[in-house]
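First up is the structure itself, then whatever we jot down about it.
The values are calculated or read from the model by the stated rules, or taken from the named source; none is laboratory data. Given the structure is predicted, the values throughout are model-derived calculations rather than measurements. A quick note on method: Cβ atoms are made from the backbone with ideal geometry, for glycine too, and the neighbour counts reach across all protein chains shown.
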Amino acid sequence: MVHAKYIIFRRGIGLDRTTDYFLMEKVDVIISRLWSWLLRITRLQRIFLRKPLERRENDRKKTDEIYSEAEADLFVERIRIENMELSMRNLLGKITIQEPTFDRIIVVYRRAGTKTKTERGVYVKHFRNIPMADMEIVLPEKKNPSLTPMDWVKFLVSAVLGLVALVGSLEMPKADFWVIAAVLSGLIGYCAKIYFTFQQNMTLYQNLITQSMYDKQLDSGRGTLLHLCDDVIQQEVKEVIILFFILMEQGKATLNDLDLQCEELINEEFGANCNFDVDDAIQKLEKMGVVARDSLGRYYCVGLKRANEIIGTTTEELVLKANQSTISA
């Protein structure tokens, strides 16, 4: 069992589109909407749907806060069957559903402990290409499927027909015991068939989740931490290289000018907007001795050849040289 609080980090957004008829899914949507309409007409929705509605409102508030604070300029539309318009064109023709996907996801969580034993272990997992609709599968306590609206309709229809047949048999002048037993047996057998079919589908669903997690999980535990450390190092190296390149092209420049030019370069070459961390990059270059400041506070760099001499041989170069020596030997 997972703790109530967990952290999910994500990077990169894509789109997953699927076009098909989705006949059974459309039938389930129609049944769900009819059921909601009946509850609303009979005023029973306050009893059956109170908690889900409250939870949905809380989730909507949390989502609005996240998007308004962090990603107001980023919007990816979710096109789902549950929200589609009920028209003949949509019901009888092919439709396209669309879900945003997260290119990389890192989940940090702690398993819930008991009153006698507190769980202190922290678990870290790394996934790729996770659709927003499947976010729950990245957690240990993934949501198990329940009976679909179509399954409930089959249950109710079979129960009603069985009860009608049973009452009709009992109202006969001479009720035959074997007729009543046959009706009950048929009713119980049909309900059992629906239940076992659902259990079989749920087993297939669990196997599909397991296979999907095997394909989408990149690493876990220490491997994920090492991967993050390597990404951070690569990110800082790239920042240093970009800043040094701007200094080589620009010559002397102030810190603000360097910040703007680095961001413009990234936008022009890669089409991405970012907040370049110029302070950290310039500190690293100054520490290596390849960048200095003049009396006016402007930064300048040494020549490329001189910079290579100052930095010296890197660890990666030593490893490559050792590997080449081993291969040649």
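Scanning region 114-121 turns up no residue that is at pLDDT 80 or above, among the polar types (S, T, N, Q) and surrounded by fewer than 13 Cβ atoms within 10 Å (Cβ to Cβ). For region 241-298, a residue qualifies if it is in a loop (DSSP other than H, G, I, E, B) and of a type in the set (Lys, Arg), and the qualifying residues are Lys252, Arg298.
Can you confirm whether Tyr67 is touching a Leu at 6+ places or on another chain (Cβ under 9 Å), under 30 Å from Leu218 (Cβ atoms), aromatic (Phe, Trp, Tyr) and at pLDDT below 70? Spelling it out, Tyr67 is indeed touching a Leu at 6+ places or on another chain (Cβ under 9 Å), under 30 Å from Leu218 (Cβ atoms), aromatic (Phe, Trp, Tyr) and at pLDDT below 70.
On the basis of being surrounded by 14 or more Cβ atoms within 10 Å (Cβ to Cβ) and either modelled with pLDDT of 90 or more or more than 33 Å from the chain's Cα centre (by Cα) (or both), does Ile241 make the cut? Show your work before the answer.
Values: surrounded by 14 or more Cβ atoms within 10 Å (Cβ to Cβ): no; either modelled with pLDDT of 90 or more or more than 33 Å from the chain's Cα centre (by Cα) (or both): yes.
In short, no.
Being within 27 Å of Ile106 (Cα to Cα), surrounded by 15 or more Cβ atoms within 10 Å (Cβ to Cβ) and among the aromatic types (Phe, Trp, Tyr) is a condition met by no residue of region 259-270.
Looking only at residues that are among the hydroxyl-bearing types (Ser, Thr, Tyr) and surrounded by fewer than 16 Cβ atoms within 10 Å (Cβ to Cβ) in region 86-113, which one is farthest from Ile130 (Cα to Cα)?
Of region 86-113, the ones among the hydroxyl-bearing types (Ser, Thr, Tyr) are 87, 96, 101, 109.
Narrowing the set further to residues that are surrounded by fewer than 16 Cβ atoms within 10 Å (Cβ to Cβ) leaves 87, 96.
On the way: Ser87: 31, Thr96: 19 Å.
Ranking the candidates gives Ser87 first.
Across region 9-50, the number of residues qualifying as surrounded by 11 or more Cβ atoms within 10 Å (Cβ to Cβ), at pLDDT below 85 and assigned to a loop (DSSP other than H, G, I, E, B) comes to 2.
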